[in-house]
1. Any idea what Rg and Dmax come out to for the chain if you just take the C-alpha atoms, in Å?
2. Of Lys22, Lys85, which has the most accessible area and how do the rest follow, probe 1.4 Å?
3. Could you tell me which residue out of Ser40, Pro7, Leu50 lies farthest along the dipole of the chain toward its positive end? Charges go on the beta carbon: Lys and Arg +1, Asp and Glu -1, centred on the Cα centre.
4. Can you tell me, using C-alpha contacts under 8 Å and at least 6 residues apart, the relative contact order of the chain as a whole percent?
5. Can you send over the solvent-accessible area of Arg52, 1.4 Å probe, protein chains only, in Å² to the nearest 10?
6. Mean Kyte-Doolittle hydropathy of -1.0 or higher plus an axial Cα length of 30 Å or more: which whole DSSP H helices in the chain meet both?
7. Summarise the accessible area of the chain (1.4 Å probe, protein heavy atoms) by the percent that is carbon and sulfur.
8. When the chain is modelled as a GNM with alpha-carbon springs shorter than 10 Å, which of Ala24, Ala71, Ala56 fluctuates the most?
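The values are calculated or read from the model by the stated rules, or taken from the named source; none is laboratory data. In this text the structure is predicted, and so the values were computed from the model without any measurement. Note that we place each Cβ from the backbone using ideal geometry, even for glycine, and neighbour counts take in every protein chain shown. To get the accessible areas, we keep the full protein, side chains included, count just its heavy atoms, and leave off ligands, DNA and RNA. Shrake-Rupley method; radii C 1.70, N 1.55, O 1.52, S 1.80 Å.
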Amino acid sequence: MLSLLKPLSMFEAVIRNKSFTKAANEHQVSSSAISHEVESLEEYLGVKLLVRSDYAMTLTEEGSSLYKDLAKSKTLLERGFKSLKASKSPTHH
(Lines give C-alpha, C1' and ligand atoms only; values in the text may rest on other atoms or scores of the structure.)
Protein backbone atom coordinates (compact mmCIF):
# COMPACT_ATOMS: atom_id res chain seq x y z
CA MET A 1 0.00 0.00 0.00
CA LEU A 2 2.80 2.42 0.86
CA SER A 3 4.09 2.29 -2.70
CA LEU A 4 0.68 3.54 -3.88
CA LEU A 5 0.76 6.72 -1.78
CA LYS A 6 2.97 8.61 -4.23
CA PRO A 7 0.95 7.92 -7.40
CA LEU A 8 -2.33 8.47 -5.52
CA SER A 9 -1.07 11.81 -4.23
CA MET A 10 0.06 12.82 -7.71
CA PHE A 11 -3.26 11.76 -9.27
CA GLU A 12 -5.13 13.79 -6.65
CA ALA A 13 -2.93 16.84 -7.36
CA VAL A 14 -3.55 16.56 -11.12
CA ILE A 15 -7.31 16.56 -10.63
CA ARG A 16 -7.37 19.23 -7.91
CA ASN A 17 -5.12 21.53 -9.98
CA LYS A 18 -6.70 20.53 -13.31
CA SER A 19 -3.17 20.43 -14.66
CA PHE A 20 -0.24 18.06 -14.93
CA THR A 21 2.13 21.05 -14.89
CA LYS A 22 0.70 22.52 -11.68
CA ALA A 23 0.72 19.09 -10.05
CA ALA A 24 4.35 18.66 -11.10
CA ASN A 25 5.26 22.04 -9.60
CA GLU A 26 3.49 21.09 -6.37
CA HIS A 27 5.42 17.80 -6.16
CA GLN A 28 8.64 19.37 -7.46
CA VAL A 29 8.98 16.89 -10.32
CA SER A 30 8.56 17.06 -14.08
CA SER A 31 5.19 16.80 -15.81
CA SER A 32 6.35 13.58 -17.42
CA ALA A 33 7.07 12.12 -13.96
CA ILE A 34 3.52 12.94 -12.91
CA SER A 35 2.15 11.40 -16.09
CA HIS A 36 4.24 8.26 -15.55
CA GLU A 37 2.97 7.86 -11.97
CA VAL A 38 -0.65 8.27 -13.07
CA GLU A 39 -0.12 5.73 -15.85
CA SER A 40 1.46 3.32 -13.35
CA LEU A 41 -1.56 3.74 -11.09
CA GLU A 42 -3.88 3.04 -14.02
CA GLU A 43 -1.89 -0.11 -14.85
CA TYR A 44 -1.99 -1.27 -11.23
CA LEU A 45 -5.74 -0.71 -10.98
CA GLY A 46 -6.44 -2.07 -14.46
CA VAL A 47 -8.63 0.91 -15.40
CA LYS A 48 -8.24 4.23 -17.15
CA LEU A 49 -8.59 7.14 -14.74
CA LEU A 50 -8.18 9.95 -17.24
CA VAL A 51 -8.86 10.50 -20.90
CA ARG A 52 -6.09 12.76 -22.17
CA SER A 53 -6.05 14.91 -25.27
CA ASP A 54 -3.65 17.62 -26.43
CA TYR A 55 -5.39 20.40 -24.52
CA ALA A 56 -7.69 18.73 -22.05
CA MET A 57 -8.20 15.84 -19.70
CA THR A 58 -11.41 14.28 -18.53
CA LEU A 59 -11.98 11.97 -15.61
CA THR A 60 -13.41 8.58 -16.42
CA GLU A 61 -16.15 7.23 -14.18
CA GLU A 62 -13.51 5.19 -12.35
CA GLY A 63 -11.25 8.24 -12.03
CA SER A 64 -14.08 10.31 -10.61
CA SER A 65 -14.91 7.60 -8.10
CA LEU A 66 -11.27 7.29 -7.02
CA TYR A 67 -10.90 11.05 -6.68
CA LYS A 68 -13.99 11.27 -4.45
CA ASP A 69 -12.63 8.45 -2.28
CA LEU A 70 -9.25 10.18 -2.05
CA ALA A 71 -10.89 13.45 -1.00
CA LYS A 72 -12.81 11.65 1.76
CA SER A 73 -9.66 9.83 2.87
CA LYS A 74 -7.66 13.05 2.94
CA THR A 75 -10.32 14.68 5.13
CA LEU A 76 -10.30 11.72 7.52
CA LEU A 77 -6.50 11.74 7.74
CA GLU A 78 -6.41 15.47 8.41
CA ARG A 79 -9.05 15.07 11.13
CA GLY A 80 -7.06 12.21 12.67
CA PHE A 81 -3.81 14.19 12.60
CA LYS A 82 -5.54 17.18 14.22
CA SER A 83 -6.98 14.95 16.91
CA LEU A 84 -3.59 13.37 17.64
CA LYS A 85 -1.91 16.77 17.85
CA ALA A 86 -4.64 18.11 20.14
CA SER A 87 -4.36 15.12 22.49
CA LYS A 88 -0.58 15.36 22.66
CA SER A 89 0.56 16.02 26.20
CA PRO A 90 2.67 19.19 26.59
CA THR A 91 5.26 17.15 28.52
CA HIS A 92 5.93 14.84 25.53
CA HIS A 93 7.95 15.98 22.54
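1. Considering the chain through its Cα atoms, Rg and Dmax are 15.8, 56 Å.
2. Working: Lys22 120, Lys85 160 Å².
From most exposed to least exposed: Lys85, Lys22.
3. Selected residue: Pro7.
4. Values: 60 pairs, mean separation 18.1, N = 93.
The normalised contact order for the chain reaches 19 percent.
5. It works out to around 80 Å².
6. Working: long enough: 61-87 (39 Å, -0.72).
The qualifying helices are 61-87.
7. On the way: 3920 of 6880 Å².
Accessible surface attributable to carbon and sulfur in the chain totals 57 percent.
8. Ala56
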